[in-house]
Structure formats: structure tokens, C-alpha cells
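Written out below as C-alpha cells is the structure these notes cover.
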Amino acid sequence: MFRGLSFSLARGGALLLAGPNGSGKTSLLRMLSGLTPPEDGQILWRGSPISLDPAAHRARLHFIGHQDALKPALTARENLAFWAEMRGGTRRGADAALKSFRLDARADWPCRYLSAGEKRRLALARLVASKAWLWLLDEPATGLDAQALANLRTAISAHRRQGGCVVAATHAPLILAEASVLSLADFAPRRAA
Amino acid sequence: MNAFAALVGRDLKLAFRQGGDWANVAAFFALAVILFPFGVGPEPELLARISAGVLWVAALLAALLSLERLFQSDWEDGSLEALVLMPLPLELQALAKCLAHWLATGLPLTVIAPLLALVLHFNSEGMTSLVLAMLLGTPVLSLIGAVGAALTLGARRGGVLLSLLVLPLYIPVLIFGVAASEAASMGFAARPHLLLLAALLLTALALAPWAAAAALRQAME
């Protein structure tokens with residue numbers, strides 16, 4: 001997928017993964033989350049490899065994949081409260097998170113009635129509903145309108161002010177202040193000519 | 001433990017809200033049992049002789065019916081990927097899902113089994129052992145089934161594969177379940193068979209969550 005790739009993120013850092021489809025953005029995010037072990041090389045958190053204590057690593061990260069992980073039969077509030085409780089959060093935290101993504105009016109709607117953009121916002125609200133140091137976002141802006149994008153930016157900058165890190169793979173203009181951009185196409189293994 | 005309860009609660013909510021998976025399982029169980037008097041004739045002696053076997057085979061097939069969806073829907077909508085990354089160990093999550101599956105299917109089967117037993121002229125002396133055997137045996141069906149469901153995740157026509165994988169493993173439950181249910185009416189003690197069922201349950205409790213979690217991790221890589 002790629003080789004010779006190396007980067008580090010400081011407290012409050014943000015990294016945008018760029019590259020064409022299939023360049024390995026999702027694969028890199030999955031490796032950072034610990035879902036897929038890298039074939040070679042290592043991933044460190046404060047100097048120690050994440051593979052040493054996968055449970056501690058899971059506790060410190062939020063991974064929002066390209067699927068929304070919502071149950072159509074549950075209401076927006078129930079879906080969000082479930083994910084918050086799985087990470088030690090509370091129902092109240094979930095309600096506040098609904099508000100920050102302007103979903104409070106939809107809170108008691110079963111998710112099957114939500115639009116694609118609303119479902120995406122609900123998935124992103126998981127970020128705010130319970131705390132984690134590292135946010136891994138796979139195409140977070142898919143289907144978001146301008147205002148939802150602004151909500152996401154607000155959430156990300158609040159998270160970074162508190163010292164959290166963000167790694168996002170995106171094609172959308174999700175411009176973040178002082179974010180470094182990693183172009184994965186530069187690290188593609190060269191084919192022997 | 002909060003996260004464990006949240007997962008059990010969510011799966012139960014889904015089971016009871018989504019058109020009633022549990023109702024389908026219970027209805028299948030009832031229908032499968034009721035078909036037998038039509039097939040073999042209404043003679044009470046014959047029905048009483050085969051009643052325990054019929055009840056258990058029907059319960060096995062009914063439990064199998066709902067297993068395919070155990071991890072499938074979480075896998076399809078991305079929930080499984082998120083669950084694997086939750087702080088709660090995946091082994092405990094698998095156990096939570098088994099518990100919810102049992103509460104939504106095994107428990108209703110246990111509750112209606114005595115009623116169906118009456119239809120088959122099941123000896124009323126064996127009723128207590130039948131219920132006890134179902135209480136001990138049906139959780140084993142959920143636990144072993146979860147391993148099969150995790151292993152066949154993402155396979156094309158996974159349902160058939162799942163049956164081929166899981167049904168042979170259900171045989172010990174079938175043997176001891178039937179033996180415990182029949183013992184009283186044949187003048188034997190049901191206790192040894194119930195103890196063997198309890199041993200099966202403890203073994204499944206100790207092994208199945210680990211096996212299911214390992215299979216789920218494999219599926220997510």
C-alpha cells in the first residue's frame with residue numbers, strides 16, 4: 001500500500017490524509033486504530049507501541065469509519081446514548097452532543113427516517129458524546145451541508161484546544177488551522193520499471 | 001459493567017422492536033412441533049414416545065433460525081467495526097450478545113415448551129425436568145451458535161454454512177436434553193443428565209466467548 005511513511009503528531013495536532021481513491025487513507029486509519037496491524041514498522045503513542053496495550057489504545061481513540069454504525073430501529077438519542085455508554089459516557093453527554101450537531105429536534109426519531117446527512121451528523125456526534133484523545137475520521141464530511149461542516153470544525157477545534165489529536169482522511173474542503181497534510185500518493189511503492 | 005448492560009439492552013431493544021425476531025423463532029418452534037401429530041398420526045402412545053425428541057430437535061432448529069443475524073447486521077452497518085474498538089473486551093461483548101440472544105429466543109422457547117409438550121401427550125411427571133433441561137440447554141445453543149455466526153460472517157449464503165457448522169456441535173445438548181426430559185417418564189433420575197447439561201453450559205461459557213471474539217477479530221482485519 002505504502003512504504004517509508006513516517007509522521008508524528010503533537011498535542012493538539014491535526015493531520016489530513018490526502019490522496020486519490022485507493023491510495024490507502026482508510027488502511028492507514030485502520031492501522032492507527034489498531035484494527036489492522038501494519039505489515040512492517042510500528043505505531044507509537046507517547047513512545048510505546050500501541051500493540052503492547054491494545055485495550056488502553058482503544059480507550060483513548062474515537063474511530064468514525066465511512067459507515068455510520070447506526071441502527072434504523074433505534075431513535076437518534078438511543079443510538080448515540082448506546083455508543084456513549086459503551087465508552088463510559090452518559091445519556092446527558094449524548095444529549096449535549098445531539099445539540100452541538102443540531103440534531104436535538106430529531107432526537108426521538110427512529111434513525112430510518114433520518115436523511116443521509118443527518119445520519120452522518122449523528123455518527124460524528126459520537127465524538128462529542130464521550131471523550132477520547134485521538135480522533136480518527138474517515139471521510140467525515142460526506143453528505144454534510146455547510147452548517148454541519150462548520151459544526152464539525154467547531155468540534156474539532158475545541159478538541160484540539162484541549163490537547164486532543166485528529167487524523168482525518170478527506171476529499172472535502174475540511175480546512176483545519178495549522179493542520180499538516182500527508183499526501184499518501186508520495187509513499188506508494190514504486191513499481192520496478 | 002455499564003457497557004456490558006448497554007450492549008445487552010441495545011440488542012434486546014432491537015430484537016423486540018425489529019418486527020419481533022423472537023416471535024418468528026417462537027412461532028417456528030410451535031409450528032414445527034405441531035406438524036408432527038399431523039405427520040405421524042394422533043395416537044397418544046406414539047406421540048408421548050417421540051415427544052421429548054421432537055421438542056428438542058424443533059428447539060435446536062428454531063434457535064438456529066435467528067443465529068445468522070447475530071453479528072450480520074452489526075457487520076453490515078459498520079457497528080461491528082466500532083464495537084471492536086470499544087474499551088469493553090470483545091470476549092465480554094460476545095458474551096453480552098449471547099445473553100441478549102438467549103433472552104430473546106432461548107427463554108421464549110423454554111416458556112412455550114411445556115405448552116407444546118401437552119400437545120404431544122408428554123408425560124406430565126417429566127415437565128419439571130423438561131423445563132430445567134431447556135433452561136440449561138438453550139443458553140448452550142446461543143453460545144455455540146455465536147461461534148458459528150462469527151466464523152461464517154461475510155460468507156456467501158452464510159446461513160447454510162452456519163447450519164452445517166453448528167448442528168453437529170448441538171448433538172451433545174440434544175442427547176442430554178432428551179435424556180433429561182424423558183428420564184422421569186421412564187422411571188430414571190433426571191439429575192445426572194441435568195448435571196451433564198450444566199457441565200456443557202459451563203464449558204460453553206468458558207470457551208465460546210473467546211472463540212467468537214477471535215473469529216470476529218479475524219473478520220475485521
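Taken together, the values in this text are just the output of simple stated rules run on the coordinates, not laboratory data. Just so it is clear, the structure is predicted and the values come from calculations on it, not from any experiment. Here Cβ is always computed from backbone atoms with ideal geometry, including for glycine, and neighbour counts include all displayed protein chains.
Which one of A:Ala97, A:Ala146 is free of Cβ contacts under 8 Å to residues at least 12 places away in the same chain, more than 14 Å from chain B (Cβ to nearest Cβ) and not acidic (Asp, Glu)?
Numbers: A:Ala97 fails: free of Cβ contacts under 8 Å to residues at least 12 places away in the same chain.
None of the others qualify; the one that does is A:Ala146.
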Residue among B:Leu88, B:Leu95, B:Leu12, B:Leu61 that alone is outside any helix (DSSP H, G or I) and either within 14 Å of chain A (Cβ to nearest Cβ) or of a type outside the set (D, E, K, R) (or both): B:Leu88
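Here is a list: B:Ala213, B:Ala179, B:Ala183. Which entry is within 14 Å of chain A (Cβ to nearest Cβ) and part of a helix (DSSP H, G or I)?
On the way: B:Ala179 fails: within 14 Å of chain A (Cβ to nearest Cβ); B:Ala183 fails: within 14 Å of chain A (Cβ to nearest Cβ).
None of the others qualify; the one that does is B:Ala213.
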Just checking, how many residues over the range B:127-162 are surrounded by fewer than 22 Cβ atoms within 10 Å (Cβ to Cβ), among the small types (Gly, Ala, Ser) and touching a Ser or Thr at 6+ places or on another chain (Cβ under 7 Å)? 1
In the list A:Phe63, A:Phe82, which residue meets the criterion of being over 14 Å from A:Val128 (Cβ atoms), surrounded by 15 or more Cβ atoms within 10 Å (Cβ to Cβ) and in contact with a strand residue (DSSP E or B) (Cβ under 6 Å, 6 or more places away or on another chain)? A:Phe63
Could you count how many residues in the range B:141-164 are free of Cβ contacts under 8 Å to residues at least 60 places away in the same chain, farther than 13 Å from B:Leu61 by Cα and part of a helix (DSSP H, G or I)? 1
If you check A:Phe2 against the conditions, is it aromatic (Phe, Trp, Tyr) and either within 14 Å of chain B (Cβ to nearest Cβ) or without any contact (Cβ under 8 Å) to a residue 12 or more places away in the chain (or both)? no
